[in-house]
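Enquirer: For reference, the structure I am asking about is given below.
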Amino acid sequence: MILVTGGAGFIGSNFVLEWFHHYDESILNIDKLTYAGNLSNLASLKDDTRHIFVRADINDSARVDALLAQYQPRALIHFAAESHVDRSIHGPADFIETNIVGTFRLLESTRAYWRSLPDEKQQTFRFLHVSTDEVYGSLGADDPAFSETTPYAPNSPYSASKAASDHLVRAYYHTYGLPVLTTNCSNNYGPRQFPEKLIPLMIVNALSGKPLPIYGDGQNVRDWLYVGDHCAAIRAVLARGHIGEVYNIGGNAEMTNIDVVHTLCRILQELRPGKIYTEQITFIKDRLGHDRRYAIDASKIRDTIGWRPEETFVSGLTRTARWYLDNEAWLNAVTDKTYQQWIDLRYAQE
Ligand code: NAD
Ligand code: TYD
């Protein structure tokens, strides 16, 4: 079996669900179930004995050690993290605790487990660390896209904590020989994303007649990748990646935020006509330290592993919007009191 951390979150749950479309191998899913973790993401696996869910914190080393010894996974995919830049600005402590200390503890547990394995299993074991393009910092309009050798220059507490975790993973390979792989991916979107991030927040607000809050001048650029394409890339790197290597993953879909929101409004207009959604767009005060542009050069993973994205931005965004329209119960459940508290904290004074 494989072990997944953070498998009740957005990307992790999509990864777990899709895994079983491709393989019959079991998954041990360890998740703390923070505000971002949601077991209803995995409801369709309720009676599937291949999926074993354990509510646990990656910082709880005794628990993780016991689970590794009991289930003997052949690989570990590390998704668990605090993942929202705006929350890291309001309260960085959890980001340090989970993303840095948690990854360190997980590496320590994994190293002890890996060393206990027979030679042959040590050689095939993999620790795949799921990271972000934000570790590379911010690009100017004409700069070349991030490659795997771009120097790290993180600017937010979130990206700094992810950068620190990437460095620890790298060090465990160089120092102890732990067979690691690291992926740095651009902005994901798709089903089951918590509506604090740009695209699901805009869907929720558009449908409920609320303002669509764009930070600053709306000209910040992100590269967007459909979550299913990211999951396929992770499966490909797990199967064919070279240990100790880093792979950048991107969608070849650079867009300004204002263009993203206009495209989304157009799609919603077709799927749920009746309102002119663009009329809800409002510009609000910029995010502190807001990175201007991210762009990914994904030629390494394409040329050495043979992965490339299948969805275009419009096809992926249409699938995403349709999913949110079809899953009102999911949306109502996650937009609860604690969600509203965050929205009030972030947007009330704007
Ligand atoms: P998410 O916030 O939706 O999910 C994170 C999951 O981790 C949640 O289920 C949460 O309960 C769990 N978790 C948090 N702290 C934990 C802890 N201490 N122990 C165990 N579980 C814990 O995040 P996501 O968007 O699915 O991102 C997953 C990973 O991918 C993260 O490492 C993130 O940095 C990386 N990533 C995300 C994006 C993106 O656009 N969302 C892009 C590139 C990389
Ligand atoms: P986000 O989804 O938070 O991802 P990240 O900060 O990791 O790139 O934000 C994507 C872009 O959208 C980013 O430039 C900030 C911007 N944004 C807004 O303009 N308004 C919003 O309400 C949010 C959440 C984000």
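Derivation of every value follows stated rules applied to the coordinates shown; laboratory data play no part. Values in this document were obtained by computation on a predicted structure and should not be read as measured data. Backbone-built Cβ (ideal geometry, glycine too); neighbour counts: all protein chains shown.
Enquirer: Can you name every residue in segment 52-102 that is in contact with a strand residue (DSSP E or B) (Cβ under 7 Å, 6 or more places away or on another chain), under 30 Å from residue 198 (Cβ atoms) and charged (D, E, K, R)?
Expert: 55
Enquirer: Of all residues in segment 283-312, which are charged (D, E, K, R) and either away from ligand 1 (no atom under 16 Å from the Cβ) or within 26 Å of residue 228 (Cα to Cα) (or both)? Lay out the reasoning, then the answer.
Expert: Within segment 283-312, the subset charged (D, E, K, R) is 285-287, 291-293, 297, 300, 302-303, 308, 310-311.
Residues satisfying the conditions are 285, 286, 291, 292, 293, 297, 300, 302, 303, 308, 310, 311.
Enquirer: Tell me which residues, restricted to segment 313-342, are surrounded by 14 or more Cβ atoms within 10 Å (Cβ to Cβ) and under 30 Å from residue 240 (Cβ atoms).
Expert: Answer for segment 313-342, where residues must be surrounded by 14 or more Cβ atoms within 10 Å (Cβ to Cβ) and under 30 Å from residue 240 (Cβ atoms): 313, 316, 317, 319, 320, 323.
Enquirer: Hey, does segment 43-54 have a residue that's within 20 Å of the chain's Cα centre (by Cα), buried (at least 18 other Cβ atoms within 10 Å of the Cβ) and either assigned to a helix (DSSP H, G or I) or near ligand 1 (Cβ under 10 Å from one of its atoms) (or both)?
Expert: Scanning segment 43-54, I find no residue that is within 20 Å of the chain's Cα centre (by Cα), buried (at least 18 other Cβ atoms within 10 Å of the Cβ) and either assigned to a helix (DSSP H, G or I) or near ligand 1 (Cβ under 10 Å from one of its atoms) (or both), so the answer is no.
Enquirer: Right, something else. Look through segment 1-59, keep the residues that are without any contact (Cβ under 8 Å) to a residue 24 or more places away in the chain and of a type in the set (D, E, K, R), and return whichever of them is farthest from residue 231 (Cα to Cα). Before the answer, list the steps.
Expert: Taking segment 1-59 and keeping what is without any contact (Cβ under 8 Å) to a residue 24 or more places away in the chain, we get 21, 23, 43, 46-47, 49.
After this cut, where a residue has to be of a type in the set (D, E, K, R) as well, the list is 46-47.
Details: 46: 21, 47: 23 Å.
Here the answer is 47.
Enquirer: While we're looking at this one, here's another question. Which ones in segment 84-128 are in a helix (DSSP H, G or I), surrounded by fewer than 16 Cβ atoms within 10 Å (Cβ to Cβ) and among the polar types (S, T, N, Q)?
Expert: Passing the criteria: 122, 123, 124.
Enquirer: Right, here's the next one. Restricting attention to segment 182-228, report how many residues are closer than 23 Å to residue 308 by Cβ and either within 12 Å of ligand 2 (Cβ to nearest atom) or in contact with a strand residue (DSSP E or B) (Cβ under 8 Å, 6 or more places away or on another chain) (or both). Walk me through how you get there before you give the answer.
Expert: So the first thing to find is which residues in segment 182-228 are closer than 23 Å to residue 308 by Cβ, and the list is 182-191, 193, 199, 221-228.
In the following step, the residues that additionally are either within 12 Å of ligand 2 (Cβ to nearest atom) or in contact with a strand residue (DSSP E or B) (Cβ under 8 Å, 6 or more places away or on another chain) (or both) were identified as 182-190, 193, 199, 221-227.
The number of residues fulfilling the criteria is 18.
Enquirer: So, in segment 197-231, exactly how many residues are within 27 Å of residue 297 (Cα to Cα) and part of a loop (DSSP other than H, G, I, E, B)? Quick ask: steps written out before the conclusion?
Expert: So in segment 197-231, the residues within 27 Å of residue 297 (Cα to Cα) come out as 197-200, 214-231.
Narrowing further to those that are part of a loop (DSSP other than H, G, I, E, B): 197, 216-220.
Number of matching residues: 6.
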